[in-house]
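Enquirer: Okay, handing you the structure first.
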Amino acid sequence: MCGIVGYIGSKKVSPILIQGLTRLEYRGYDSAGIAVIEGNKIEVKKDKGRVNNLYSLDGIDDLKGTIGIAHTRWATHGKPSKENSHPHMDNDKIFAVVHNGIIENYNELREKLIEKGYEFISQTDTEVIPNLINYYYKEDNEKDNLKLLRAVKNTCMDLKGSFALEIISIREPDNMIVVRKDSPLVIGKGNGENYIASDIPAILSYTKDFYFLNDYEFAYLSRDNVKFYDTNLNEIKKITKSIEWDSKGAEKAGYEHFMLKEIYEQPKAIRETIGTRLNNSKICFDELNFTKEYLESVNKIYIVACGTAMHAGLVAKNMFEKLCKIQTEVDIASEFRYRDPLIDNKTLAIFISQSGETADTIAALKLAKSKGAKTIAISNVIGSSITREADNTIYTHAGPEIAVASTKAYTAQITILSLIALYCADILRRADIIKIEEIKQDLLKLPAKASKVLKNVEEIKKFAKRVYKEKDMFFLGRGVDYSASLEGSLKLKEISYIHSEGYASGELKHGPIALIDTGITVIATITDKALVEKSISNVQEVITRGAKILLITNQNLENKGFETIINIPEVATELSPVLSIIPLQLLAYYISKEKGLDVDKPRNLAKSVTVE
Ligand code: AGP
């Protein structure tokens with residue numbers, strides 16, 4: 001979503017802040033800014049545009065201050081602009097704040113502050129925070145030295161939603177206050193200086209000693225000290241934790257492989273991809289701004305991508321057709337670009353690419369555009385090549401995906417595609433609004449449900465140990481479970497080098513069932529309530545021919561000859577691949593690990609296929 005950085009010490013703060021922001025660039029940005037205490041005032045330098053643009057802002061080099069805060073924003077509510085970029089100040093220019101998160105009740109707070117005479121410059125939720133601090137600070141007649149801390153605490157008690165905040169004030173020019181609730185924030189302890197950031201890698205080059213805040217814990221920083229307080233402003237003791245990572249280690253956050261880290265980052269990737277877009281059942285895509293008239297003119301949607309990204313598209317097809325009643329075709333980019341697809345200005349073409357650099361997908365986008373289609377790019381890398389070709393770009397916020405095998409990007413892609421389908425469905429009103437609402441609510445539950453699936457890893461590890469020497473495997477599913485099976489099969493192939501096929505359960509008996517022999521491993525996924533009986537009978541067909549079954553399901557099925565059952569939480573069928581894929585990702589990972597292969601860099605592969 002956004003990245004925040006802070007520093008309090010004796011070095012010139014502006015270069016430290018800007019460098020920290022560039023290391024948080026993956027959190028997305030289209031506007032950035034810093035605020036520095038300069039004598040008895042706060043200087044704010046901010047604008048729309050990339051982090052590096054800060055170097056060219058007037059007066060940036062004249063900043064001498066050694067205390068400051070900084071922010072890199074990726075806009076969803078309130079377009080990218082100078083006014084909407086952070087830091088934000090109160091009307092009296094006494095406080096400056098940077099914020100990562102969502103203030104869900106900001107409209108209500110804004111109205112209250114306007115009634116008290118405050119004015120607002122931006123459309124952001126964040127701007128209520130410095131003005132609330134201003135209000136509570138002025139109301140406070142205590143004569144102790146906790147006035148600023150009390151004003152911040154009282155403000156936080158009014159906020160609903162998520163926040164990681166850094167606050168500086170000319171009332172206490174030698175201090176900084178930070179606090180978090182749900183959004184990430186770490187404090188790096190230096191010698192006569194302290195650092196703050198959204199994540200460890202952004203400041204690991206300065207220190208290895210970190211404080212970690214729990215929700216609603218306040219840190220009151222000076223150059224030489226950090227004090228901690230709870231919501232009753234009782235001081236609490238904290239000790240630093242030493243993070244013995246090198247820079248690569250920092251990126252792996254302690255995991256043995258990037259792939260495992262990225263599998264476990266999926267709840268966060270889903271949460272941050274949803275971000276501020278879905279609030280009180282309203283979906284916001286300022287970047288698209290579709291009208292009912294335009295959407296009613298669309299007679300076909302193409303979803304075009306390669307590999308895992310294409311598999312995410314297959315899941316989305318189901319939603320666009322069911323919820324928007326628009327014919328949706330999913331195609332492999334390398335095929336699409338050479339088959340002269342039927343496209344005109346009534347075609348909406350969506351191109352999915354984690355890296356945003358896949359040659360086939362970019363070429364396919366250019367072709368669609370040349371034929372008059374409106375084009376949308378879905379990418380995980382800000383400013384990547386594909387984003388410069390598309391009419392519109394929608395970013396996933398999965399964070400950097402380093403492992404060649406794509407995992408969190410896949411679940412984030414399904415998340416953002418679901419949001420776009422629901423956004424269009426709300427405008428078109430062609431589907432059952434109860435169904436639409438059910439999917440919205442289930443979307444918001446995905447991060448917690450994904451975390452639950454990730455806890456159930458031991459059975460997967462055991463199964464991997466039993467099957468890692470196999471030469472062939474089948475992945476079976478119907479409907480959305482077929483899409484997930486294709487992705488599960490790709491994961492296994494690309495990192496364990498075991499041949500496997502994702503197959504439509506109902507299609508097996510039309511030939512490939514001849515390959516089923518005693519002991520062959522079949523991984524079946526059954527999550528679609530409407531297809532349970534048929535899917536079970538397909539699985540029975542292979543069991544009678546000697547297959548060993550791993551079943552992934554959320555239907556509480558009786559064990560009828562399955563070797564292993566992995567039960568996952570139930571969710572709207574349209575979204576179930578976001579959860580059912582996780583055991584399949586973990587299975588591929590542990591099989592590859594069991595075989596002693598290079599999980600993160602499998603042979604013959606590259607993270608981004610920039611050639612045809
Ligand atoms: C997935 O695990 C593979 N690394 C590969 O299929 C990948 O999804 C494909 O090359 C597309 O990459 P992109 O999303 O960056 O365009």
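Enquirer: Once amide H atoms are built 1.01 Å from N in the peptide plane, which residues 5 or more positions from Lys160, or in another chain, come under 5 Å H to H?
Expert: HN-HN under 5 Å from Lys160: Glu104, Asn105.
Enquirer: With a/c under 1.5 counting as rounded, go ahead and sort the chain into rounded, prolate or oblate using the C-alpha gyration tensor (a ≥ b ≥ c being the square roots of the eigenvalues; past the cut-off, prolate if a/b is larger than b/c, else oblate). Each step should come with its number before you reach the end.
Expert: On the way: a/c = 2.04, a/b = 1.67, b/c = 1.22.
Verdict is prolate for the chain.
Enquirer: Across segment 82-196, how many lysine pairs, 8 or more apart or on two chains, come within less than 24 Å at their alpha-carbon atoms?
Expert: Counting lysine pairs in segment 82-196 gives 26.
Enquirer: With axes computed from alpha carbons, what is the tilt in degrees of helix 532-543 against the longest principal axis of the chain, rounded to the nearest 10 within 0 to 90?
Expert: Roughly 60 degrees, rounded to the nearest 10.
Enquirer: Does segment 15-64 come out rounded, prolate or oblate by the C-alpha gyration tensor, with a ≥ b ≥ c the root eigenvalues, rounded set by a/c under 1.5 and, if not, prolate when a/b is larger than b/c and oblate if not?
Expert: Working: a/c = 2.13, a/b = 1.82, b/c = 1.17.
Taking the square roots of the gyration eigenvalues as a ≥ b ≥ c, segment 15-64 is prolate.
Enquirer: If we sort 484-492, 560-568 on the protection proxy, mean other Cβ atoms within 10 Å, highest first, what's the order?
Expert: On the way: 484-492: 27.1, 560-568: 17.2.
By packing density, highest mean first, the sequence is 484-492, 560-568.
Enquirer: With a 10 Å radius around each residue's Cβ, average the other Cβ atoms per peptide and rank 409-422, 288-301, 174-187, 569-582, highest first.
Expert: For the peptides 409-422, 288-301, 174-187, 569-582, the packing ranking is 409-422, 569-582, 174-187, 288-301.
Enquirer: Under 22 Å between alpha carbons: how many lysine pairs meet that in segment 525-599, if sequence neighbours fewer than 8 apart on the same chain are excluded?
Expert: 6
Enquirer: Which lysines does Lys369 reach when only Cα atoms under 21 Å apart count, and residues fewer than 8 places away in its own chain are ignored?
Expert: Leaving aside lysines fewer than 8 places away in the same chain, those within reach of Lys369 are Lys300, Lys317, Lys346.
Enquirer: Another question, then. If we sort 339-347, 467-475, 437-445, 361-369 on the protection proxy, mean other Cβ atoms within 10 Å, highest first, what's the order? Don't jump to the answer; show the numbers that get you there.
Expert: Details: 339-347: 13.2, 467-475: 18.7, 437-445: 17.1, 361-369: 22.9.
Listed from highest to lowest mean packing, they are 361-369, 467-475, 437-445, 339-347.
Enquirer: Using 7 Å Cα-to-Cβ label points, what is the Glu293/Asn145 separation (nm, one decimal)?
Expert: Spacing of the two 7 Å Cα→Cβ label points: 6.4 nm.
Enquirer: What does the charge add up to near Lys64, with Lys and Arg as +1, Asp and Glu as -1, over the other residues with Cβ less than 14 Å from its Cβ? List each step's numbers first, then the result.
Expert: Numbers: positive: Lys11, Lys12, Lys41, Lys45; negative: Glu38, Glu43, Asp61, Asp62.
Result for the local shell: 0.
Enquirer: So, in nm, how far is label Lys560 from label Asp61 when the simple model puts each one 7 Å beyond its Cα toward the Cβ?
Expert: 7.6
Enquirer: Something else about it: Between segment 419-482 and segment 144-218, how far is it from one alpha carbon centroid to the other, in angstrom?
Expert: 36
Enquirer: Once fully extended, how much extra length lies between Lys607 and Lys325, figured as 0.36 nm per residue of separation less the alpha-carbon to alpha-carbon distance? Walk me through the numbers before you get to the answer.
Expert: On the way: separation 282, 0.36 × 282 = 101.52 nm, distance 3.50 nm.
So the extension gain works out to 98.0 nm.
Enquirer: Taking the alpha-carbon distance from Lys408 and a cut-off under 12 Å, which aspartates and glutamates remain once sequence neighbours fewer than 8 residues away in the same chain are dropped?
Expert: Glu262, Glu265, Glu272
Enquirer: Still on this structure: Setting aside same-chain residues fewer than 8 positions from Lys41, which aspartates and glutamates have a Cα under 15 Å from its Cα?
Expert: Qualifying aspartates and glutamates at Cα under 15 Å: Asp62, Asp90, Asp92, Glu172, Asp174.
Enquirer: What size of dipole, in debye to the nearest 20, comes out for segment 1-109 about its Cα centre when the only charges are +1 on Lys and Arg C-beta atoms and -1 on Asp and Glu C-beta atoms? List each step's numbers first, then the result.
Expert: Working: 14 positive and 13 negative charges, 72 e Å.
It comes to approximately 340 debye.
Enquirer: What's the lysine pair count for segment 431-483 at a Cα cut-off below 30 Å, pairs eight or more apart or interchain?
Expert: 23
Enquirer: What net charge is computed for the residues neighbouring Lys322, neighbours being all others with C-beta under 11 Å from the C-beta of Lys322, Lys and Arg scored +1, Asp and Glu -1?
Expert: Numbers: positive: Lys317, Lys325, Arg430, Lys435; negative: Glu321, Asp432, Glu574.
Spelling it out: positives minus negatives among the neighbours equals +1.
Enquirer: Please list, in order along segment 51-67, the HN-Hα scalar couplings obtained from phi with the Karplus expression 6.51 cos²θ - 1.76 cosθ + 1.60 (θ = phi - 60°), rounded to whole Hz, x for Gly and Pro.
Expert: Residue by residue, segment 51-67 yields 3, 4, 4, 4, 4, 9, 6, 4, x, 4, 6, 7, 5, 9, x, 10, 10 Hz.
Enquirer: What list of ³J(HN,Hα) values in whole Hz, one per residue of segment 132-147 in order, does the Karplus curve 6.51 cos²θ - 1.76 cosθ + 1.60 (θ = phi - 60°) give from phi, with Gly and Pro shown as x?
Expert: Values per residue, Gly and Pro as x: 5, 4, 4, 4, 5, 5, 5, 6, 8, 9, 4, 9, 8, 9, 10, 4 Hz.
Enquirer: Ok, one more. Relative to the longest principal axis of the C-alpha atoms of the chain, give the angle of the C-alpha long axis of helix 577-594, reported between 0 and 90° and rounded to the nearest 10°.
Expert: The helix 577-594 is inclined about 80 degrees to the chain.
Enquirer: Apply the Karplus curve 6.51 cos²θ - 1.76 cosθ + 1.60, θ = phi - 60°, to the phi angles in segment 403-409 and return the couplings in whole Hz, x for Gly and Pro.
Expert: 4, 4, 6, 7, 10, 5, 5
Enquirer: Still on this structure, I have one more. Taking the 0 to 90 degree range and rounding to the nearest ten, how far is the long axis of helix 433-455 tilted relative to the main principal axis of the chain, both from C-alpha atoms?
Expert: Taking Cα atoms only, the helix is inclined about 90 degrees.
Any read-out appearing in this document is the output of simple, stated calculations on the displayed coordinates, not a laboratory observation. All values derive from a computational prediction rather than experimental measurement. Note: ideal-geometry Cβ built from the backbone for every residue, glycine included; neighbour counts use all protein chains shown.
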